Amino acid sequence: MGDSRALKEMFTEDSRPRELAMKEGVEACSTAQLLAILIGSGSRGENVVDLCNRILLDHDEKLFLIARRTYRELMVRYKGIGEVKAVEILAALELARRCQLEDFDELPQVTDSKMVYNYLRLHMNHRRQEEIWVLLLDRGRHIFHCERLSQGSTTMAAVEVKMVLKPAIEMLADSIILAHNHPSDTAQPSRPDDELTARVQAACKVVDIPLLDHIIVCRSGKFYSYHDNERL
């Protein structure tokens with residue numbers, strides 16, 4: 001009976017990251033869960049997500065510190081990480097590094113609201129629930145980071161202003177663009193949309209990070225720009 005209970009606890013939802021990724025998308029996974037997908041399995045008495053959380057904690061939650069390890073160091077330090085798994089982890093982190101370099105060479109530059117809409121469609125067009133995103137821009141108005149802040153129902157998503165400002169402050173953005181989608185395909189903003197825009201704009205002024213626009217994304221090619229409608 002005890003062994004059965006222990007096994008059941010080891011196979012909780014958190015310990016099945018591959019299923020979560022297939023159900024919700026890889027963006028729904030934590031960093032530990034993404035690592036767990038690469039590793040595949042843990043060791044006796046420690047499920048794979050717990051193992052990955054321990055690896056992250058040992059490296060101050062920084063992937064670049066893990067990337068500095070050799071595959072032999074990972075093997076020696078962590079039971080359950082064999083030669084193949086260690087090399088796979090380092091290979092994945094190297095791919096991520098090279099991907100970042102490619103992005104750095106080709107950062108999209110914001111020229112107008114239509115350009116922003118076309119960029120956002122790639123991230124938001126297929127979403128069935130309303131989501132709120134933020135784009136971080138450098139001084140030349142290049143988009144260097146795009147992040148989903150919240151996910152709600154088919155009609156509403158909520159976000160706190162501090163969630164919008166946190167990545168902007170941490171990553172030293174020179175300006176930001178707020179965005180969310182309307183699964184209903186109605187481009188007109190709602191009263192909560194207006195209220196969120198006003199709150200974010202006021203907070204951005206305090207920290208001297210301008211809010212350039214708030215874009216509402218629809219599937220049918222329609223969008224709404226607060227800037228274009230002279231509401232920012």
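The table that follows gives values for the structure above.
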quantity: Any hit, segment 183-202, residues being of a type in the set (Val, Ile, Thr) and within 15 Å of the chain's Cα centre (by Cα); calculated: no
quantity: Residues of segment 215-232 that turn out to be outside any strand (DSSP E or B) and either touching a Phe, Trp or Tyr at 6+ places or on another chain (Cβ under 7 Å) or not basic (Lys, Arg) (or both), as a count; calculated: 9
quantity: Residue match in segment 175-192 (condition: within 21 Å of Glu24 (Cα to Cα) and among the basic types (Lys, Arg)); calculated: no
quantity: Any hit, segment 206-214, residues being free of Cβ contacts under 8 Å to residues at least 24 places away in the same chain, outside any helix (DSSP H, G or I) and of a type in the set (D, E, K, R); calculated: yes
quantity: Of all residues in segment 159-181 being of a type outside the set (A, V, I, L, M, F, W, C) and buried (at least 23 other Cβ atoms within 10 Å of the Cβ), the one that is nearest to His145 (Cα to Cα); calculated: His180
quantity: Residue satisfying all of: in segment 43-70; in contact with a Gly (Cβ under 7 Å, 6 or more places away or on another chain) and of a type in the set (A, V, I, L, M, F, W, C); modelled with the lowest pLDDT among these; calculated: Val48
quantity: Pairs with Cβ under 6 Å, 6+ apart, first in segment 10-25 and at pLDDT 80 or above, second of a type in the set (Val, Ile, Thr); calculated: Arg18/Ile37
quantity: Residue selected from segment 162-196 under the condition at pLDDT 95 or above and not hydrophobic (A, V, I, L, M, F, W, C), by the criterion nearest to Arg231 (Cα to Cα); calculated: Ser175
quantity: Test result for Val217, aliphatic (A, V, I, L, M) and surrounded by fewer than 21 Cβ atoms within 10 Å (Cβ to Cβ); calculated: no
quantity: Of all residues making up segment 80-122, the number that are assigned to a loop (DSSP other than H, G, I, E, B) and either at pLDDT 90 or above or in contact with a Ser or Thr (Cβ under 7 Å, 6 or more places away or on another chain) (or both); calculated: 4
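The values are calculated or read from the model by the stated rules, or taken from the named source; none is laboratory data. Everything numeric here is computed off the predicted structure, so don't read it as measured data. No Cβ is skipped: glycine too gets one built from the backbone with ideal geometry, and neighbour counts run over all protein chains shown.
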